[in-house]
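The block underneath contains the structure these notes are about, expressed in structure tokens.
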Amino acid sequence: MPGIRLRSPEGRAWTLKEIVQGKPLGAPSHAMIIHFPVAFYIGAFVFDLLSRFGDFKAAPLAATWLIIGAFIATVGAVTTGLIDYLGMVPGSTKRTWATRHMLFQLAAFAFFVVNLILRFHDRYLQKAKISWIVLGAIGCAFLTVGQWLGGVLVYELGMRVSTAERGEAARRQREAAGS
Ligand code: HEM
């Protein structure tokens, strides 16, 4: 049965690493956190566009804060992603795709770093500069391909996916351990 698991299937206390991975919740914490950086990066790009095509004078400033928020959320995504990544067998198909996924997400991050550096001094402008919009568009393109690579990892290669049979076996193991 899905739900919060107070102890591991072997009946011991969870390690810190397992807690960060989301194992007590029965689902990867990476998948729970990634919505925040994704939404913030895309939101920043859209606000920059709005500042030129709409009438929203504070949009570039809002976008600047969204980028900073995205960086904070990226720390959570990178931490949870790396913990799962380091547990993968080197040279395996999953690890190869995870490496590609990681590189695209880090490239997206890098484009937004440059974006933030270029814009910070001019963040009170009422219209976003074209260079900010171009960097935002490239960053979002890398982000989207990175999301697809993450999706391949989960939905094609079954990374951190528990089948009904595996879930049932874990439940029996927990019951046998008396948790
Ligand atoms: C060092 C950086 C990263 C590494 C090593 C990494 C690793 C992984 C791994 C191993 C998975 C497979 C599922 C899992 O283990 O939870 C995954 C899935 C995924 N990752 Fe990352 N990741 C990184 C950064 C990010 C960032 C920054 C984002 C978003 C901005 C992101 C978005 C995703 C998405 C959307 C999936 C698919 C999840 C799903 O559809 O449920 N990842 N990543």
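The values are calculated or read from the model by the stated rules, or taken from the named source; none is laboratory data. Note that this is a predicted model, so its numbers are computed, not measured. Heads up, the Cβs are rebuilt from the backbone with ideal geometry, glycines too, and the neighbour counts pull from every protein chain shown.
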- A63: more than 10 Å from the ligand (Cβ to nearest atom), at pLDDT 95 or above, among the aliphatic types (A, V, I, L, M) and touching an Asp or Glu at 6+ places or on another chain (Cβ under 9 Å), yes or no? yes
- Task: State whether the residues of the stretch 87-106 include one that is assigned to a helix (DSSP H, G or I), of a type outside the set (F, W, Y), under 21 Å from S131 (Cα atoms) and within 13 Å of the ligand (Cβ to nearest atom).
- Result: yes
- Note on the stretch 18-35: residues more than 11 Å from the ligand (Cβ to nearest atom) and of a type in the set (G, A, S) are G26
- Item | Out of V114, V78, sole residue that is out of contact with any Ser or Thr (no Cβ under 8 Å at 6 or more places or on another chain) and either farther than 23 Å from E156 by Cα or loosely packed, with under 14 Cβ neighbours inside 10 Å (or both) | V114
- Item | Failed condition for T93, given (1) of a type outside the set (A, V, I, L, M); (2) within 28 Å of L25 (Cα to Cα); (3) in contact with a helix residue (DSSP H, G or I) (Cβ under 9 Å, 6 or more places away or on another chain) | (3)
- Query: From V38, V75, which residue is out of contact with any helix residue (DSSP H, G or I) (no Cβ under 8 Å at 6 or more places or on another chain) and either near the ligand (Cβ under 9 Å from one of its atoms) or in a helix (DSSP H, G or I) (or both)?
  - Reply: V75
- What about D84, is it part of a helix (DSSP H, G or I), closer than 23 Å to C140 by Cβ and of a type in the set (D, E, K, R)? no
- From the options A128, A98, residue that is among the small types (G, A, S), under 18 Å from the mean Cα position of the chain (by Cα) and at pLDDT 95 or above: A98
- Failed item in (1) of a type in the set (K, R); (2) touching a residue at least 60 places away in the same chain (Cβ under 8 Å); (3) under 29 Å from G146 (Cα atoms), with K23 passing the rest: (2)
- Message: Considering only the stretch 36-59, I want to know if a residue exists there that is in contact with a Pro (Cβ under 6 Å, 6 or more places away or on another chain) and closer than 19 Å to Q147 by Cβ.
- Response: no
